[in-house]
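The values are calculated or read from the model by the stated rules, or taken from the named source; none is laboratory data. Note that the structure is a prediction, hence the values are computed from the model and not measured. All Cβ positions, even for glycine, are placed from backbone atoms using ideal geometry, and neighbour counts span all protein chains on display. Ligands, DNA and RNA are stripped out before the accessible areas are found, and what is left, the full protein with its side chains, is counted by its heavy atoms. Shrake-Rupley method; radii C 1.70, N 1.55, O 1.52, S 1.80 Å.
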Amino acid sequence: MSTETTIGEKLRQLRESKELPLRKVSALLDIDVAILSKMERGERKLTKDIVLKLADIYGHNQDELLVLFLSDKIMYEIQDEDLGVKALKVAEQRVKYLKANKNK
């Protein structure tokens with residue numbers, strides 16, 4: 001998985017590799033073609049539900065797509081923050097701590 005690839009770009013690659021037109025995939029999702037196109041271009045945010053449905057439609061690994069989806073969400077929030085990377089490291093440690101203590 002490339003660090004430069006966004007979730008939208010990955011989804012477009014998957015759709016094109018399956019030779020599925022936007023109109024067919026948008027019909028399966030019950031959304032407008034323009035909305036799906038904007039999602040692939042990163043002009044409109046995806047939802048977790050849409051990502052999971054697309055993973056199913058494309059027969060692709062859900063975990064890989066969810067990691068891209070979540071990383072895009074995090075990046076969007078911290079990209080312009082001077083302390084973004086430092087905050088991300090602190091958040092990572094907090095998540096590890098919470099997961100470790102959740103099992104106790």
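Couple of notes before you dig in:
- Residue count for segment 15-30, restricted to those that are farther than 15 Å from LEU65 by Cβ and either touching a Lys or Arg at 6+ places or on another chain (Cβ under 8 Å) or open to solvent by less than 30 Å² (accessible area, probe 1.4 Å) (or both): 3
- Restricting attention to segment 26-45, the residues being under 14 Å from ILE7 (Cα atoms) and in a helix (DSSP H, G or I) number 6.
- Selection count where residues are part of a loop (DSSP other than H, G, I, E, B), surrounded by 12 or more Cβ atoms within 10 Å (Cβ to Cβ) and over 10 Å from the mean Cα position of the chain (by Cα), scope segment 46-104: 1
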